[in-house]
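Student: One structure, pasted below without further comment.
The values are calculated or read from the model by the stated rules, or taken from the named source; none is laboratory data. If you're wondering where the values come from, they're calculated on a predicted model, not measured in any experiment. Cβ sites come from the backbone with ideal geometry, for glycine too, and all protein chains shown count toward neighbours. The accessibility values were calculated without ligands, DNA or RNA, using every heavy atom of the protein model including side chains. Shrake-Rupley method; radii C 1.70, N 1.55, O 1.52, S 1.80 Å.
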Amino acid sequence: MNENKAVMAGAGVMGASLAQVYALAGYETYVYDIYEAGIEKGKHLIALNQEMMVKEGLVTTEESKAALDRMVFTMDKECFRDCCLVVESTVERMDIKQGFFREISEIVPKEALLATNTSGLHITEIAEACKYPERFMGQHWLNPPHLLPLCEIIAGEKTSRENLQKMRKLVEGLGKQPVIVKDINGFIINRIQFAVLREALHIVDMGAATIEDVDTVLKAGMGLRYAALGPFGVADFGGLDTFDHINSYLNAELADTKVGNERLHKMVEEGKLGLKTGSGFYDYSGDKADEAIRERDRMYIELAKVLYFKDKK
């Protein structure tokens, strides 16, 4: 087994971005996909990302070139034969993920760690298809993982404690910030993220504020506070007595629907899927998509420089 060889399975947005994370950390990084078009799309995204990282001073031109030289794009399953790690970022379907790991867990070395970058599918259920499920777990990243430091490591019922700690150490070695969570639905980030989205949509549906103004509240207020302190830290600074009082009367008016939001569902039915289709809550038609990615990354980088990349100054 090659202790320095990692395979990112799926060359989409997450897989391509993760390839940069591992390659920049020194791994011989293979990017595997079953479609040539997927590989070409991944190469394009990586080029955009590396351009921005160099421009913003997160990496040097030489570091970027060295990372790119450590990446190999392939459609050949032989790349799994001697790797120490597989991170899968394919379609969010249980049958697809189980089928992938049923085959790949037979190919990789017995000691290789296996991870799925799922947003919410149960790790324990995916692991049912794995050979040696004690080495299988979730490795959930936020988009774009080459800029955002968080990695949720999700433990399935059969994941061994030893392998969890190996994965934590591995992720820390990437310069990232891992947390470990049990296999609960949505893990940590999506439970909080979708609670916020549910209330944000509710406020717009009530006609109380516009989409733009709700986003501004998060970006110019709550987002900054949470980035610095987290929800428990914010509550401590605000006073738990104050939060307890507000909690006693405001909860009754918050959205508590147990089904999906109608506005969101209708947009999906109309093919308005966001950046990937050129239209969502905002317009990304024409060249606006690439420009939106660059602007998002610029803003993430400015925040990350202050909070997480201090050693790069």
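Student: About the Cα centre of the chain, how large is the charge dipole given +1 on each Lys and Arg Cβ and -1 on each Asp and Glu Cβ? Please answer in debye to the nearest 20.
Tutor: Magnitude of the dipole: close to 600 debye.
Student: Pairs on different chains or at least eight residues apart, Cα atoms closer than 16 Å: how many lysine pairs in the range 1-109 fit?
Tutor: 4
Student: How many angstrom lie between the C-alpha centres of the range 164-227 and the range 89-158?
Tutor: 21 Å
Student: Suppose all protein chains stay in the model; what accessible area per residue would a 1.4 Å probe give for the range 225-313, in Å²?
Tutor: Heavy-atom accessible area per residue stands at 77 Å².
Student: Kindly write out, for the range 270-285 in residue order, the coupling ³J(HN,Hα) from the Karplus curve 6.51 cos²θ - 1.76 cosθ + 1.60 (θ = phi - 60°), rounded to whole Hz, with x marking Gly and Pro.
Tutor: So the J values, rounded to whole Hz, are 7, x, 8, 9, x, 3, 5, 10, x, 8, x, 5, 10, 9, 10, 6.
Student: In the range 5-99, what trypsin sites (Lys or Arg not before Pro) fall in a loop by DSSP, with at most 12 other Cβ atoms inside 10 Å?
Tutor: Answer in residue order: ARG93.
Student: While we're on this one: Can you figure out the FRET efficiency of MET1 with ILE188, using R₀ = 45 Å and their beta-carbon distance, to the nearest 0.05?
Tutor: 0.90
Student: Summarise the accessible area of the chain (1.4 Å probe, protein heavy atoms) by the percent that is carbon and sulfur.
Tutor: Carbon plus sulfur share of accessible area: 56 percent.
Student: In addition: Output ³J(HN,Hα) for the range 73-82: one whole-Hz value per residue in order, computed from phi by the Karplus curve 6.51 cos²θ - 1.76 cosθ + 1.60 with θ = phi - 60°, and x for Gly and Pro.
Tutor: Running phi through 6.51 cos²θ - 1.76 cosθ + 1.60 with θ = phi - 60° gives 9, 8, 10, 9, 5, 4, 4, 7, 4, 10 Hz.
Student: In Å², what does the accessible area per residue of the range 1-88 work out to with a 1.4 Å probe?
Tutor: Ligands and nucleic acids excluded, the figure is 42 Å² per residue.
Student: Hey, in the GNM for the chain with a 10 angstrom Cα cutoff, which one of VAL13, VAL217, VAL196 fluctuates hardest?
Tutor: It is VAL217.
Student: Quick check: from the Cα gyration tensor, does the range 1-72 come out rounded (a/c under 1.5), prolate or oblate?
Tutor: Oblate.
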